[in-house]
1. Tally Lys/Arg at +1 and Asp/Glu at -1 over every other residue whose Cβ is under 15 Å from the Cβ of residue 8; what's the total?
2. Please give the contour-minus-distance gain from residue 16 to residue 109: 0.36 nm per residue of separation, less the Cα-Cα distance, rounded to one decimal in nm.
3. Taking the dipole about the Cα centre of segment 88-167, with the C-beta of Lys and Arg at +1 and of Asp and Glu at -1, give me whichever of 120, 154, 134 is farthest to the positive side.
4. Which residues' amide hydrogens lie under 5 Å from the amide hydrogen of residue 110, considering only partners 5 or more residues apart or on another chain, with H built in the peptide plane?
5. Given N residues in segment 104-162, what is Rg(Cα) / (2.2 N^0.38 Å)?
6. Between residue 95 and residue 44, what FRET efficiency comes out of the Förster formula 1/(1 + (r/R0)^6) with R0 = 35 Å and r the beta carbon distance, rounded to 0.05?
7. Taking R0 as 22 Å, what FRET efficiency do you get between residue 61 and residue 24 from their Cβ-Cβ distance, rounded to the nearest 0.05?
8. Please turn the phi angles of segment 125-134 into ³J(HN,Hα) values with the Karplus equation 6.51 cos²θ - 1.76 cosθ + 1.60 (θ = phi - 60°), one per residue in order, whole Hz, x for glycine and proline.
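Throughout, read-outs are computed from the coordinates displayed, never taken from laboratory work. Quick caveat, the model's predicted, so the values are computed rather than measured. No Cβ is skipped: glycine too gets one built from the backbone with ideal geometry, and neighbour counts run over all protein chains shown.
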Amino acid sequence: VINNILKEVKSGGLQNYIGQAVGKFYVDRFKALWGSVLDQSSMHAWIYYLHQMICGRDGLSGWFKASAQDASNFKHMEPDYYWKTGADQAVHYLLRGVPSESVHLSTPVCRIFWDVNDNNEVLVVTADGSSYRSGALVLTIPPSVIKETHSMLFTPNLPIEAIEAFE
């Protein structure tokens, strides 16, 4: 069933769902191809699996939050790479060559002053009162947390376009 749905997507099957959530296409097509004869609880489990697969592949937080019209713009995360010793190895790989004193992991941040002195720098103040100045900052907090805390976290306030991106 899943392979047939993926073939439909490649052949333009989403066109009939323009203006609707991409998830509606997947659920409708899955139910139609599964049929009513087979076990319905298994069907729901397979739909959940398909949801996880599509969201992971397309970088979505949920397939009912994305438009079928925009599906052609999704960046597929293929090919899939698996790290034998865990996903944190990707972070270690990216940190090669970065001085260890420049990296502060598991450090609660209280305030981020961005665009300091119009130099495209950030000043980060942490919960223990330390402050760090840098030309780059990597935040690894969920977008939903940024959405809820951006006005307390960032100075000056983020541009409206950035705030809307978290919605």
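1. In short, +4.
2. That pair, residue 16 and residue 109, stretches by 28.9 nm at full extension.
3. 134
4. Counting only residues 5 or more places away or on other chains, the set is 125, 126, 127.
5. The reported ratio for this selection is 1.08.
6. Using R0 = 35 Å, I get an efficiency of 0.30.
7. 0.85
8. My calculation for segment 125-134 gives 10, 9, 4, 7, x, 6, 9, 9, 10, 7 Hz in order.
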